[in-house]
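The values are calculated or read from the model by the stated rules, or taken from the named source; none is laboratory data. All figures in this text were calculated on a predicted structure; none of them were measured in a lab. Every residue, glycine among them, receives a Cβ derived from its backbone with ideal geometry; neighbour counts consider all protein chains shown.
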Amino acid sequence: TRRVRTRDLIAAKQRGERWPMLTSYDQYTAGIFDEAGIPVLLVGDSAANNVFGYETTVPVTVDDLLPLVRAVVRATKRTLVVADLPFGSYEEGPTQALRTAVRFMKEGGAHAVKLEGGRRVAEQIAAITGAGIPVMAHVGFTPQSEHAIGGYRVQGRGDAAEDVVADAHAVAEAGAFAVVLEMVTSEVAKRITHDLPIPTVGIGAGPDTDAQVLVWQDMAGLRTGKGPRFVKRYADLAGVLTDATKRFADEVRGGEFPGPEHAFH
Ligand code: KIV
Ligand code: NA
């Protein structure tokens, strides 16, 4: 077995094969997703919400994310690992963006990086890809700009469709190997997927993208409460873990754990 390469993903698009992508932030989930055949794992800046407990992705730093990237890379054999560039680590321009991308490659061992934005980060994408680092782009709703966008809002409705389309074309022209389309209408996602030679990865972008990504805790139901409409829960990990925790607590309180088989003499 060898690692998935970006060219494998482009070839999959040409064959009309869809692929799944998940986030991962730690060794156990990364190992499970790798064994289960997920070809691309994203160490997302969504670690801000899903690991560190922040309200938005804005506070998370490169130094917060680097150890998570290392863990996911170490735990996988086959998966292509994409490291997300956090807010503040690439906006100043191509030089800053390249410097941050190099850190994720050198210190994190990532195989590619991802950043948010369309036309406004085309120069950054060109600089990073020009240095031999694959870039996944991310257009439509971009969570790092949540305060400017005014919350979680579907992008590409009505006249705004042309903005999303122009952003997607710009990142492909700048050299991105794939582009995440987040919370855009199915119609716009379908059109972009048809137009671009690179794979589109949808999240809340309908059924017609080349790939689909979800945050793993959403996919597996570790996060409880009302999630976004685009999430489908494939398990109830929160329920399983709550049950296990209560049984452990009960057995400790009742003197049933540890049993003779868990003790040394
Ligand atoms: O950080 C993240 O989890 C993401 C994906 C959902 C695309 O950027
Ligand atoms: Na992200």
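One table, with the values for the structure above:
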| item | result |
| --- | --- |
| Residue in segment 147-169 that is modelled with pLDDT of 95 or more, out of contact with any helix residue (DSSP H, G or I) (no Cβ under 8 Å at 6 or more places or on another chain), away from ligand 1 (no atom under 16 Å from the Cβ) and farther than 30 Å from residue 54 by Cβ present | yes |
| Verdict on residue 245 being among the polar types (S, T, N, Q) and either under 30 Å from residue 176 (Cα atoms) or exposed (fewer than 11 other Cβ atoms within 10 Å of the Cβ) (or both) | yes |
| Qualifying residue in segment 144-160 (condition: without any contact (Cβ under 8 Å) to a residue 40 or more places away in the chain, surrounded by 19 or more Cβ atoms within 10 Å (Cβ to Cβ) and charged (D, E, K, R)) | no |
| Test: residue in segment 66-87 that is out of contact with any helix residue (DSSP H, G or I) (no Cβ under 6 Å at 6 or more places or on another chain) and free of Cβ contacts under 8 Å to residues at least 24 places away in the same chain | yes |
| Any hit, segment 213-234, residues being away from ligand 1 (no atom under 16 Å from the Cβ), farther than 30 Å from residue 14 by Cβ and surrounded by 18 or more Cβ atoms within 10 Å (Cβ to Cβ) | yes |
| Residue within segment 78-92 that is hydroxyl-bearing (Ser, Thr, Tyr), surrounded by 22 or more Cβ atoms within 10 Å (Cβ to Cβ) and within 16 Å of the chain's Cα centre (by Cα) present | yes |
| Residue pairs meeting the criteria (Cβ under 6 Å; at least 6 apart or on separate chains; first without any contact (Cβ under 8 Å) to a residue 40 or more places away in the chain, in segment 111-139; second within 13 Å of ligand 1 (Cβ to nearest atom) and hydroxyl-bearing (Ser, Thr, Tyr)) | 116/142 |
| Cβ pairs under 8 Å, 6+ apart, first in segment 202-216 and at positive phi, second away from ligand 2 (no atom under 15 Å from the Cβ) and not in a strand (DSSP E or B) | 204/154; 204/229; 206/185; 206/186; 206/187; 206/189; 206/190 |
